[in-house]
Amino acid sequence: MSGSRDAIIVGSGLNGLACAAALAQAGRKVLVLERRHVLGGRAAVEEFHPGFRCAPALDVHAYAEQPVLVPVPDGRWMMVHGESDRAADIATFLPKDGARYREVMPVLRRIAGAIAPVLALTPPDIDHPAAGELWGLLKVGRGIKKLGQKDMYRLLRWGPMAVADLVAEWFEFEPLRAAMAAPGIHATALGPWSAGSALTLLLHHAGGKAPTGTADALVESLKKAGGEVRTGVEVASVLVKDGRVSGVALTSGEEISAPVVVSAADPKRTLLRLLAPAYLAPDFLRKVRNFRCNGTVAKLLLALDALPDIPTCDSRGRPARIHIGPEIDYLERAFDASKYGEFSAQPYLDVSFPSLHEPSWAPQGKHVMSVHVQYAPYRLRNGDWNSRREEPPSERGVLIRYLLETCGNGGNAAWSAAPAERRNRRRRAPRPSWTSARGSRP
Ligand SMILES: Cc1cc2nc3c(=O)[nH]c(=O)nc-3n(C[C@H](O)[C@H](O)[C@H](O)COP(=O)(O)OP(=O)(O)OC[C@H]3O[C@@H](n4cnc5c(N)ncnc54)[C@H](O)[C@@H]3O)c2cc1C
C-alpha cells in the first residue's frame, strides 16, 4: 500500500476540490484522485475543437439573469430582458402581457430573494434536525415572513404548482409563456405540467452561479496548502478493514491508505459501485437504489466562424440566450419522450454564446455556441448512447435541423448539418464542429 494520507478525495469536481482545499488549509495531508486528465469535473474548461474552449456543464452567467431571445413562429424575435422596466419588446406582441411582465417580475424577484438563503443551507436531517439546522431554517422563515402576507400566500400557492399553470395566470402570448416557464424545467427531470416545477422556477431566479475560474482557484489554493492531486487515476473501490475505511484501490491495482475517504463522485456510483453492498444496511441500500438522479441534459458545443445573423445581445449589449420551445405543449412533449427512456425528437433548447462573456475561449472574431439540449435521458430504454449514435435516426436529424433552422435569420435555414444544405449557407454562417456533440455527455 502506498504512502498514507489523512484523507483521500475521490473526484476533482468543484465539491471535491472545495473539500480538499478546506482540509488542506486545516493542516490535513490530502490527496485528490481524478480519473480524467483535467481537474474541475463538470466545471472544467476544456478545448473541444482546436482554439475553442468551454466549460460544457457550467453557465458562464447566472441562467435566470440573462436576456432571452425568443423566436416567434411568425418569423419575428422577441427579447425578454429579465428586467421589469424593459417590457417594450413584449408589449409589441401583446400590450397586456407587457404590462403583466412589469407587474410580475418585481414580485418574482422579491419572493425568489426571500427563499435564496435556502440554497446555501446544508439540507437538514428531517427526522432528527440539529439545533444549527433548525436555526438556519428559522432564519429563512424570518426572511419569508418579512415578505408580508400577500407575497407569503403567493409563495405557498406557487411553490407546489405546475409552472405551466403559473405562467398561464400571468401571460396570454404562448411563446412568452413557454419562455417564462423554461426555468421551471431547466436541467430537471420535470415537464412544465409537473407539480412543483413552479418552485424550480423560483429557485432559478434565486440562484447565483459558480464563476468560471472557480476550479482553477480551488486547485491553486489546495496546492498552496500542500495538497496533492493525481489525474488519470480511477478509484475502483473503497477499502474497508475491521469495519473501518482504510483507503482506496485504483483500477491499476495500486492501493493507497487513508483513514478517511471522501467521495465527490455521485451518490449512486459511490455507494453502489465503490463500496461493497455488505457494508450498508439493506434498508439504506434500497433507498439509494431508488434515488432518482438521472440526467436529462446533453450539451452540444459548436465552434463558429462568426456569430449567427440574429440579435445575440440585447439593446444594452448584454449577451442573450436563445430559447427554443415555442409552446408549453411542445416542452411537455419533449419531456414525455424522456419519461419513457427516449430522447426528444423535438427537444427544448437553450442556446448561448459563452465566448461573448469569455472572449479568450475562441480565436479572435470567432465564437463558441453552447446548446443545452433537453431531454436526453442518461439511460436510454433501448440500447445506449454509443450504440444508438451509429444509427442514422430521423430523430437526431430533426434535432439538429431544428436547431439550425431556428438560429437562421427569421426562422429560415441559413445553414445545416446536411451537406446539401451546408453548401448553400451564407459565408458569414457559423461552421459547426461536431466533435463535442459526440463526446460531451458526462
Ligand atoms: C449538463 C449539466 C449542466 C450544468 N450546468 C450548471 C450550471 O450552469 N451552473 C452550475 O452551477 N452548475 C451546473 N451544473 C451542475 C454542476 O456541474 C455541478 O454543480 C458541479 O460541477 C458538480 O461538482 P461535483 O464536484 O459535485 O461533481 P463533478 O463535477 O461531476 O465531479 C465529479 C468528479 O469525480 C470524478 N470521478 C468520478 N468517479 C471517479 C472515480 N471512480 N475515480 C476518480 N474520479 C472519479 C469525475 O471524473 C469528476 O471529475 C450542471 C451539470 C450538468 C450535468
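Derivation of every value follows stated rules applied to the coordinates shown; laboratory data play no part. None of these values were measured; they are calculated from a predicted model. Note: ideal-geometry Cβ built from the backbone for every residue, glycine included; neighbour counts use all protein chains shown.
Quick look at the numbers
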quantity	calculated
Rh (Kirkwood; distinct C-alpha pairs) - the chain, Å	24.0
Electrostatic dipole magnitude of the chain [Cβ: Lys, Arg +1; Asp, Glu -1; Cα centre; debye, to 20]	420
Whole-number percent relative contact order across segment 84-206, with pairs defined as alpha carbons under 8 Å at least 6 apart	27
Environment charge at residue 9 (Cβ cut-off 13 Å; Lys +1, Arg +1, Asp -1, Glu -1)	+2
Global geometry of segment 109-225, whether rounded, prolate or oblate, following the gyration tensor of its Cα atoms and the 1.5 cut on a/c	oblate
Convex hull volume of segment 71-150 per residue (C-alpha atoms, cubic angstrom)	138
Added length on full extension, which subtracts the Cα-Cα distance from 0.36 nm per residue, residue 35 to residue 216	63.4 nm
Centroid-to-centroid separation of segment 111-144 and segment 81-105 [C-alpha atoms, Å]	33
Proximal lysines relative to residue 339, as straight alpha-carbon distance under 30 Å, when same-chain residues fewer than 8 apart are discounted	209, 268, 287, 299
Chymotrypsin sites (Phe, Trp or Tyr not before Pro) lying in DSSP loop within segment 269-306, provided at most 10 other Cβ fall within 10 Å	none
Rg/Rh (Cα only; Kirkwood hydrodynamic radius) as it applies to segment 1-152	1.12
Neighbour-count ranking [beta-carbon atoms within 10 angstrom, fewest first] of 89, 329, 350	329, 89, 350
Taking 266, 74 and counting other C-beta atoms within 10 Å, the order from fewest to most	74, 266
Gain upon complete extension [residue 85, residue 122; 0.36 nm per residue less C-alpha separation]	9.8 nm
Vicinal HN-Hα couplings computed from phi for segment 351-361 (Karplus, 6.51 cos²θ - 1.76 cosθ + 1.60; Hz; Gly/Pro x)	9, 9, 10, x, 5, 6, 8, 10, x, 6, 7
Debye, to nearest 20: dipole size of segment 26-102, +1 on Lys, Arg Cβ, -1 on Asp, Glu Cβ	420
Packing rank of 220-233, 172-185, 365-378, where each peptide gets the mean count of other beta carbons within 10 Å, highest leading	172-185, 365-378, 220-233
Backbone HN-Hα couplings from phi across segment 254-262 [Karplus 6.51/-1.76/1.60, Hz, Gly and Pro as x]	5, 10, 10, 9, 6, x, 10, 10, 10
The chain, relative contact order [Cα under 8 Å, separation at least 6], %	21
Under-5 Å amide H pairs with residue 79, H placed in peptide plane, nonlocal only	70
Charge-dipole axis of the chain as Lys and Arg at +1 and Asp and Glu at -1 on Cβ define it, positive-most pick from 186, 277, 243	243
Gaussian network model of the chain, Cα within-10 Å springs - most flexible of 138, 302, 201	138
Eligible aspartates and glutamates near residue 224 by straight Cα distance, threshold 18 Å, same-chain separation 8 or greater	6, 216
Computed FRET value (nearest 0.05) for residue 234 with residue 150, which takes r as the C-beta separation and R₀ as 56 Å	0.55
